[in-house]
Every structure is written in structure tokens, then in C-alpha cells.
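Take a look at the structure set out below.
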Amino acid sequence: MMAHSKALLVLENFIGGKFVPCSSYIDSYNPSTGNVYCKVPDSGKEEVEAAVKAAKVAFPIWSSKSPLERSQILNKLADLIEHDLEAFAQAESKDQGKTITFARTVDIPRAVYNFRFFASSILHHTTECTEMATMGCMHYTLRTPVGVAGLISPWNLPLYLLTWKIAPAIACGNTVVAKPSEMTSVTAWMMCKLLEKAGVPHGVVNVVFGTGARAGEALVCHPDVPLISFTGSTLTAQRITEKSAPHCKRLSLELGGKNPAIVFDDADLLQCIPTTLRSSFANQGEICLCTSRIFVQRGIYSEFLKRFVAEAKKWKVGNPSDPTVDVGALISKEHLEKVRSYVKKAQAEGARVFCGEGVDSLALPTGNQKGYFMLPTVIAEVKDESCCMQEEIFGPVTCVVAFDTEEEVIERANSVKYGLAATVWSSNVGRVHRVAQRLQAGLVWTNCWLVRDLNLPFGGMKASGIGREGAKDSYEFFTEVKTITIKH
């Protein structure tokens, strides 16, 4: 390993507008080769303390800027990231394992759009006003920024989900301390290099790298951070809720999903099959919105399964920097083992694996033999109570099961602890509305998947989270409302 040390990228925390080295570092791996390629600061209380201090100092100046001034800075930052889109995409692919195609077409363009979207939306919010003529009073509301926002983002869509938090937080006039995942910190660090050029004052955006257990916990427990926005696992969110309770912090938690796709016998399979393949296997299945349970009406079940498996087998797994590859590497060795273990459990329970893990052989290029790759895997004949149908797997694995009636499938789709997203496939408009209304999910797509309007609320029910994000929702979360009464 020492022979490669010169080539290693060494990241530094970004605090108060400056890059600051850390006393200890952790290894970050390139998932497609299995080699260490980056050193990430192993920050703790001390670093978080410095970042919060810098954010507090910057708050009065930043919060007093007009929405238009903040908007112009956000737009400038969007332009700078877009200008370096290719470099960001390359870094995201190498760091996360995702295909270069996905990083180029989804991750980085969406990160740019997050800044542009909130730069625009911040200019269009209005506050309320009412009059009580009999009392000679008028009431109106004001919205003011909360203070220092603690932002914790995950490893699956690193820059995409980090900017989805930073953009509304700073657009509303807050300052931030962000902690990206220690497994995917490079694009956040690259973004920090552009902040000064974009005109972001020192201390407005601080980025502290490190683990959830040390850096994340220090941020959540800090008494001067009144608000935490977190995207990640339900388990971590429980800990965040407990730790922030003594401080009465406001929380926005976007958590896991066990998202159903319901395919009725009148579905257009020419649309449904390619879209459901994407919703199952895009980004290696490492998206909280991915489909992992496919309920197919019995009349078309065998035809659907046959066609779906045949198409899944065509997905190419390999070097993420190859533009013809559909599936890159999973995030880590541990995660790959976890995902594989679900397939083994399903087989032990008597389910049948139709393609992928343990059934088909995976041929990888020479340089990727030690990478964390897995074939798109389709499991059928699996019971609803199986852990594969109940727990979030977060990999390229989906289960296909048959159902008979509308009533039955709604009940089965709702029989998990999660409630993030669902898709419904049917050409019957009445049925689409009926089913969508009764599914316990924060987002329901019908005859499509992942079509997003950022104006509208995003978030889940049950164990999939608390709160919503979107133009109005993010504005409400990142500001305090005050009612003022004037007697005239």
C-alpha cells in the first residue's frame, strides 16, 4: 500500500473559508478496484466545534443579505459546478462506484439544478396577512432563518443529496455545517474549492468530513445547531432523534424505503418493463426510491417474469468508467456482503433466483476483479413475510410476486414498516387514483418512475421519515415563522 501513497488524494475540512488539515485520517476505497485511493479526515468534537463557531460568526452578515443577493450567489455556484461537470462526474463515479453515465446525466446535473432551483424559489415566497377591523388590528407573518443548520448526507447520491440540503439552507439565510458520508467525500471537497469564487462569504458553508459515530454525533449533539437535516438509514435516524431530543432540535429525516411496484393486467408492458428495470437496478439499486418488491397480477405474471428476467440479463456490469456499462460497483465490501446475504436467505427460505447472484457468472475486466460488483438479481416465489420482502436491501435485487385482486395488493404493499415511494402500472384511470390514494407512501408514481417536480413535497411515511422537502416545505423547515400584530 505504501508504494501508492504518493498518488493518494488527501482531503481537508473546510472551515471558515479555509482548508484545515486534520490530526487523523480514514481510508476511502475505490469500489470498482477495492483499493484505497483517498484519505478522509476523521473529524470529531474539536473540528465540529470550530465549524459551528465559524458558521455562527458568519450568520448575522449572511442572514441580513436580501434573497436576491443570496440567489445571485447560488446561481454563480451552479454555473461553476456546471463548468466542471465532467471532473465532478469522474470523481463521483470513482468515489461511489456508480457508472460514469449515471454521474454525468443524473448526479451532477441535479446538483447544479438544486442550486438553480432554490436560487429561483427563494424569490417567490410570500407571507400571510390578516385584518381584524373590529379590533383595529392587522396581523402579518415574518419568516426568518433559524441559524446554523447541521446537514448530514449519505453515500449513494453524494453531491446530489448534499446540495439538496445546502441550497435551501443557505438560500433561506442560514449558515451550515455539513457532514457528507466518509465513504464519498470527494465531490463535497471539490465544491468547497468553488465557494469563494462564487461569492459565498467565509463561514457560510463549512464541511467537516468523518464518520457518523464521531463527526455526525458531535454535530447532532451541539447545542448551537438548532436544526438537523439527515438522509440515511432509519437506524441512524433513531439515534439522531434520541441525541437531539434534549435540545428540542427540529428534524427533517429522509430514510429508507421498501418500495412496491404494482403491475395490473392492463399495464402497458412495453413501458412498464424497461422502467421497472431502471427503478430496480439504477445506481446499483442504491437509491432510496428504488423498487424492490414487484407485485404482478396473476394473469400476466409468468409473461412479465419471463420478459423482465430476459431484459435484466442484458444489463452490463463492469468498470464504471466504461460508458456502455449499466451497473457499476456497490459502495463497499461490507455492503456487497450484506446484499449477497439477502439472496442466500431467500434461497434458504425456498425462493427461486431467476438471474443474477449465484446463478449467472460475472465476468469483470482485469483491473476490476477485486471490485464490489454484483449482477442484477431477480427473486421470485418469495413469501411476503420473508426478510427480502420486509427489509431494505439497497442493492441490485428485486422480488417479483403474483397477486389476484386490487384490495389484496394494497394490503400487501402496505404491509411493511416503510412508506417512501410506490409505482402503479395500469391503463385504468379510476383504478390508478383509487390505488394511489390508499398506498401508504409519500410519493406514488403511476405509469412512470422518478419524475420529479422539485416544487412539490418529497418525503416518506412511517419508518421512511419525518418531514418533507421541496420549494415550500424546505422554506418552512429552514425558517422560523413569527406572527406580528399591529394595532392602529
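The values are calculated or read from the model by the stated rules, or taken from the named source; none is laboratory data. Just so you know, these numbers come straight off a predicted model, no measurement behind them. Counting neighbours? That spans all protein chains shown, and the Cβs are built from the backbone with ideal geometry, glycine included. Areas reflect the complete protein model, heavy atoms only, side chains present, ligands, DNA and RNA absent. Shrake-Rupley method; radii C 1.70, N 1.55, O 1.52, S 1.80 Å.
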Response to the item:
Filtering the range 415-431 down to residues that are of a type outside the set (Ser, Thr, Tyr) and either within 27 Å of residue 393 (Cα to Cα) or touching a residue at least 24 places away in the same chain (Cβ under 8 Å) (or both) yields 416, 417, 419, 420, 421, 422, 424, 425, 428, 431
Fill in: Only listed residue being over 30 Å from residue 100 (Cβ atoms) and either open to solvent by 10 Å² or more (accessible area, probe 1.4 Å) or in contact (Cβ under 8 Å) with a residue 60 or more places away in the chain (or both), chosen from 279, 244, 252, 292
252
Worksheet item: Counting only residues that are open to solvent by less than 10 Å² (accessible area, probe 1.4 Å) and farther than 23 Å from residue 233 by Cα, how many does the range 374-385 have?
Response: 3
Practice prompt. Residue by residue through the range 43-73, note down the ones that are open to solvent by 30 Å² or more (accessible area, probe 1.4 Å) and either in a loop (DSSP other than H, G, I, E, B) or under 11 Å from residue 176 (Cα atoms) (or both).
Written response: 53, 56, 59, 64, 65, 66
Response to the item:
Result of the Cβ filter at 8 Å on the range 316-327, keeping first residues that are in the same structural domain as residue 283 (by the TED database) and of a type in the set (Gly, Ala, Ser) and partners that are assigned to a strand (DSSP E or B) and at pLDDT below 95, at least 6 apart or interchain, is none
Fill in: Number of positions in the range 74-87 that are open to solvent by 10 Å² or more (accessible area, probe 1.4 Å) and closer than 27 Å to residue 29 by Cβ
4
Response to the item:
So the strands (runs of 3 or more DSSP E) completely within the range 386-488 holding 3 or more residues that are in the same structural domain as residue 167 (by the TED database) and open to solvent by 50 Å² or more (accessible area, probe 1.4 Å) are 479-487
Discussion item. Every residue in the range 134-159 that is within 12 Å of the chain's Cα centre (by Cα) and open to solvent by less than 30 Å² (accessible area, probe 1.4 Å), please.
Written reply: 152, 153, 154, 156, 157, 158, 159
Discussion item. Name the residue that is surrounded by the most Cβ atoms within 10 Å (Cβ to Cβ), counting only residues in the range 88-132 that are among the basic types (Lys, Arg) and assigned to a helix (DSSP H, G or I).
Written reply: 94
Worksheet entry | Residue tally, condition open to solvent by less than 90 Å² (accessible area, probe 1.4 Å) and on the phi < 0 side of the Ramachandran plot, over the range 350-363 | 9
Worksheet item: Would you pick out the residues in the range 333-349 that are surrounded by 14 or more Cβ atoms within 10 Å (Cβ to Cβ) and either among the polar types (S, T, N, Q) or in contact with a strand residue (DSSP E or B) (Cβ under 7 Å, 6 or more places away or on another chain) (or both)?
Response: 339, 342, 343, 346, 347
Item to complete: Can you tell me which residue among 260, 246 is modelled with pLDDT of 95 or more and assigned to a helix (DSSP H, G or I)?
Response: 246
